[in-house]
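Below is one structure, written out as C-alpha cells; comments come after it.
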Amino acid sequence: MNDDRSHSSLLVTPSTQDWMRGVLSAKVVLVMYGDYQCSRSADVYRIIQRIKQELSASFGEDYLCFIFRHFPQIQIHPHAQRAAEVAEAAAAQGQFWPMHDTLFVYQQKLENGYLVEYANDLGLDIPQFLKELSKQVHVDRVNEDIESGCKSGITATPALFINNIRYTGRWKMAELMTAIVAASH
C-alpha cells in the first residue's frame, strides 16, 4: 500500500521555477508532464486550455494555476528532447508560452529547420537561440523536470497532478473538469 502512495503524489512541489499560467496560491494547481512530440500530450494540453478558460470565466483567474514540466520520451520520440530545449531557449528570450503552444500545434514538424523557423516567427534573436542550442545550455533545466517526474513515478506522458495528487481518470474534458473542481473543495 505504502509503495503505491509514493507514486500517486507529486514529490517535487510546484515553485516559481516552474513554467506556469496562473499563481501558485490558486485553489487548484494542475501540473502536467508533457512531451512535445506526444499527440496525447497535445490533446490533453488543448483540453486543459479550454478548462482553464472556462474556470477563469466562472471563478476568476486565480482559481486554476497550470504548470508545464518537460518529460521528453526520447526512446519513442526522437525530436522531443530538442523541442523541450527549444522551448527553454525561447524562454530565455521571454517567449516560453508562445513557443510551447507552437510546438504542440506543429508537433509533426519538430526537425531543426522548422524549430529555427518557429523561433524566427516569434522574433527571437536567432544567433543567440542557435548558440544556446548548440552549447546545450538548457539541457540541465529539461533534465531537472525529467528527474522530478521520475521521482513521482512517471514513466509516460501525459501525466497530470491536481493539487499534488496524480490524476488517474480518463483524458476527457468533463472528467478532468470534475476532478479539478472537486480538488478545490
- prompt: If you check residue 162 against the conditions, is it open to solvent by less than 50 Å² (accessible area, probe 1.4 Å), among the β-branched types (Val, Ile, Thr) and under 14 Å from residue 34 (Cβ atoms)?
  reply: no
- request: Would you point out the residue of region 125-151, among those that are touching a residue at least 60 places away in the same chain (Cβ under 8 Å) and of a type in the set (Val, Ile, Thr), that is surrounded by the most Cβ atoms within 10 Å (Cβ to Cβ)?
  value: 142
field: Residue ranges of helices (runs of 4 or more DSSP H) in region 60-124 with at least 1 members open to solvent by 60 Å² or more (accessible area, probe 1.4 Å) and at pLDDT below 95
entry: 112-121
- request: Please list, ordered by first then second residue, the pairs with beta carbon atoms under 8 Å, 6 or more apart or interchain, first in region 152-166 and on the phi > 0 side of the Ramachandran plot, second basic (Lys, Arg) and part of a strand (DSSP E or B).
  value: 153/166
message: Quick check on my filter: what residues within region 29-59 are more than 24 Å from residue 150 (Cβ to Cβ) and either assigned to a loop (DSSP other than H, G, I, E, B) or over 12 Å from the mean Cα position of the chain (by Cα) (or both)?
response: 47, 50, 51, 52, 53, 54, 55, 56, 57, 58, 59
query: Among the residues of region 40-61, is there at least one that is in contact with a Lys or Arg (Cβ under 6 Å, 6 or more places away or on another chain) and either touching a residue at least 12 places away in the same chain (Cβ under 8 Å) or within 25 Å of residue 124 (Cα to Cα) (or both)?
result: no
Matching residues in region 62-75 - criterion: being in contact (Cβ under 8 Å) with a residue 24 or more places away in the chain and either under 24 Å from residue 26 (Cβ atoms) or out of contact with any helix residue (DSSP H, G or I) (no Cβ under 9 Å at 6 or more places or on another chain) (or both): 62, 63, 64, 65, 66, 67, 68, 69, 70, 71
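The values are calculated or read from the model by the stated rules, or taken from the named source; none is laboratory data. Bear in mind that the values here come from a model prediction, so they are computed numbers and not experimental data. When we count neighbours, we look across all protein chains shown, and the Cβ atoms used for this are built from the backbone with ideal geometry, even at glycine. In case anyone asks, the SASA skips ligands and DNA or RNA and just uses the protein heavy atoms, side chains included. Shrake-Rupley method; radii C 1.70, N 1.55, O 1.52, S 1.80 Å.
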